[in-house]
Structure formats: C-alpha cells, structure tokens
Amino acid sequence: MYTPTAKGYFSGCGGMELGIMLSGVELIQSLDLDKEATDCMKLNNHYFSHSVLNVDIKGKTVLEQPKTDIIVGTYPCTKYSPIADIHGTRTGDDLFLHFFRHIAIEKPEMYIVENVPGMKKFKVVMEAMTKLPDYYVNVFCPIDAANWLPQRRKRLILIGTRKHFCISSPSQINNRPRLKDILEKNPEVEMPDYVIKRINGKYRDLPIIVDPEIPNALAPTCVAHYSKDLKDLSTRLVKDKNSKYGVRPFSIREYARLQGFPDDFVFENKRSSYKLIGNAVPVHMGKWVGSVAMKYFN
C-alpha cells in the first residue's frame, strides 16, 4: 500500500493533521504563525514527530519546502463567518491567496481546504480554490462534526485531485459517543461571577444550556472565544447536578473530547487552551479526509 505524504498550513494545534495521520497519511511538515499553537503541537511529540514551523506563510517561498503528495490548508475563517457582519469585518482575507500560491507552484497530486460554510459566499475565494487548471474538485458543504462527535459543527471541505475521483459524503457513524460519555466526573472548571450573573438573567442573552441526559444531545459548536475573559465562558453551559448552580462551563478536557482529541493529547491547563481547541478541525473530520486520500492514492 502506498503511503502518501502531506504538509499542512495554518495548522493550529493540529486537529486536521492528527486526523489524516491516524488514517495512514504521513505528515512531513506543519506551519502556523501562532506560537502557542505550534508549541502545543511540539508538546505532543508522541503524535507529531515531523517538522513544525512557527513562521508566517506570507514570507515562506514554495520551493524551499519539501514536496509532498498532499497540501492541506485550514486558513483562518474569522472574516468568512456571519458573526463578522456585526463588526464590519466580513471582507474575506488574503491568506487564501498564499495557500493558492503554494498549490499553483507545487501542483501537488491532492489539495485539501477546510473552512466555514460562509466561505462559499466569497466568489473570488471559491473561484481560486475550485478553478485551478488540471484539477478535479469536490466541495462538501456542510460536513457536520455530529457525524462522529456529540457537537454541532458544520464546515466546508474542498478536495482537489489531479485525476477524477468519486467521493461520497460521510454519514453518521453508529457508535457516536454520547455527550454524557465525554463529561468528566470531577472537572476543573472556572465559575467567574459573570457566569453566575448570566445564569441569573443579568445579561441580554441567556446561555446556551445542553442537557447530557437527553438522548442524542449535542453540544453547541466549540468556539475559540470561549477563552476570552469577558463573559464568553458563560455562553455555553452544560447541566451538572453536582454543580452548585446546576450548570457549569465545559472543562478544557471536555472541550478537547468534543473536538475528538484523545485524552493523551496534552493541552495546558489555562484559558487560552479553549482558543486552540475551538480553532481546531475536529480530529474525526480530519480522519475522514485522510481516509479519502488513502483511497485515492491506492
């Protein structure tokens, strides 16, 4: 069996890349500008023994890097999200052009893009990613993390290949873990005053509360801003009869489990770990992408 090689850009803490590795793809290089993210990957060298670069893709030339069969790009999606309309920043982003530059020059056998469904509304971005000469492109939107995990998280997955290849959308697995299965028995969670205030209706928006005892209960999307200090930890809560107020925030490990990270994947016990996890691609989604790649190359 042929083992394809891959390198990733905008790798974050490595959710997508861990998934494709678990499916059998050999990862050669990861790259991200966020030092905390690359430090997290290096902290998990029992999974990531390859080269992990903490550099800006804008200053990285294509031909100085190792050539691989697959190039993966999970460039930031903030400006493609509907929430950006509120802040007047929903303008797209030029980072996709740097990913496009690497595809156009290296011309790998396969390239993979992951982003929010809102990316489809940006015609220039979609044209660049789907109209490259000599590539057949499959776009899947939305792909929901709920196929594999007890979390609602819809994403766009785009797969370009040099040869025509029929790819089927994934379906929900039979043994998807329940929300109650991923909860810790004795979680370490913060309960700042603002969490209690939101529970008591002191803010305009009430928290999203999920009950793990409901069959097939799904957590809301794990968001990066859960890491922020001002009220964000109070926006998504889970019922817990052992908690003083009957509800509480998710712990860091629970957040990681909702994204499919194994328990031996190390996240530091600090608020910013929520950001790393919330920005990650669910590991199982990456594993599905990797399984598609393995079928293509074999």
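For this structure, a couple of remarks:
- Restricting attention to the stretch 160-198 and to residues that are charged (D, E, K, R) and not in a helix (DSSP H, G or I), the residue that is farthest from residue 133 (Cα to Cα) turns out to be 185.
- Pick from the stretch 139-154, criterion closer than 14 Å to residue 114 by Cβ and surrounded by fewer than 17 Cβ atoms within 10 Å (Cβ to Cβ), ranking: farthest from the chain's Cα centre (by Cα): 139
- Of all residues in the stretch 30-60, those satisfying the criterion of being aliphatic (A, V, I, L, M) and either over 16 Å from the mean Cα position of the chain (by Cα) or surrounded by fewer than 19 Cβ atoms within 10 Å (Cβ to Cβ) (or both) are 33, 43, 52, 53, 55, 57.
- Evaluating residue 186 against the criteria (1) closer than 24 Å to residue 145 by Cβ; (2) modelled with pLDDT of 90 or more; (3) in the same structural domain as residue 244 (by TED's automatic domain parsing) leaves one unmet condition, (1).
- Annotation note: of 27, 22, 63, 18, the sole residue that is in the same structural domain as residue 112 (by TED's automatic domain parsing), within 20 Å of the chain's Cα centre (by Cα) and surrounded by fewer than 24 Cβ atoms within 10 Å (Cβ to Cβ) is 22.
- Test: residue in the stretch 195-202 that is under 30 Å from residue 6 (Cα atoms) and surrounded by 15 or more Cβ atoms within 10 Å (Cβ to Cβ): no
- Check on residue 11, part of a loop (DSSP other than H, G, I, E, B), free of Cβ contacts under 8 Å to residues at least 40 places away in the same chain and either outside the structural domain of residue 74 (by TED's automatic domain parsing) or of a type in the set (S, T, N, Q) (or both): no
- Lone qualifier among 253, 257, 236, 271 - being out of contact with any Lys or Arg (no Cβ under 6 Å at 6 or more places or on another chain) and farther than 21 Å from residue 37 by Cα: 236
- Any hit, the stretch 156-163, residues being of a type outside the set (Val, Ile, Thr) and under 26 Å from residue 226 (Cβ atoms): yes
- For residue 71: the one exception among (1) of a type outside the set (Asp, Glu); (2) surrounded by fewer than 17 Cβ atoms within 10 Å (Cβ to Cβ); (3) at pLDDT 95 or above; (4) touching a His at 6+ places or on another chain (Cβ under 9 Å): (2)
- Taking helices (runs of 4 or more DSSP H) as the structural unit, those lying wholly within the stretch 212-298 and holding at least 3 residues that are surrounded by fewer than 24 Cβ atoms within 10 Å (Cβ to Cβ) and touching a Phe, Trp or Tyr at 6+ places or on another chain (Cβ under 6 Å) correspond to 283-297.
- For the stretch 182-218, a residue qualifies if it is of a type in the set (A, V, I, L, M), over 18 Å from residue 273 (Cα atoms) and touching a residue at least 40 places away in the same chain (Cβ under 8 Å), and the qualifying residues are 195, 196, 199, 217, 218.
- Some residue of the stretch 83-100 being of a type in the set (Ser, Thr, Tyr), farther than 28 Å from residue 238 by Cα and modelled with pLDDT under 95: yes
The values are calculated or read from the model by the stated rules, or taken from the named source; none is laboratory data. What you are looking at is a predicted structure, and each value in this text was computed from that prediction instead of being measured. In this analysis, Cβ positions are derived from the backbone assuming ideal geometry, glycine residues included, and neighbour counts consider all displayed protein chains.
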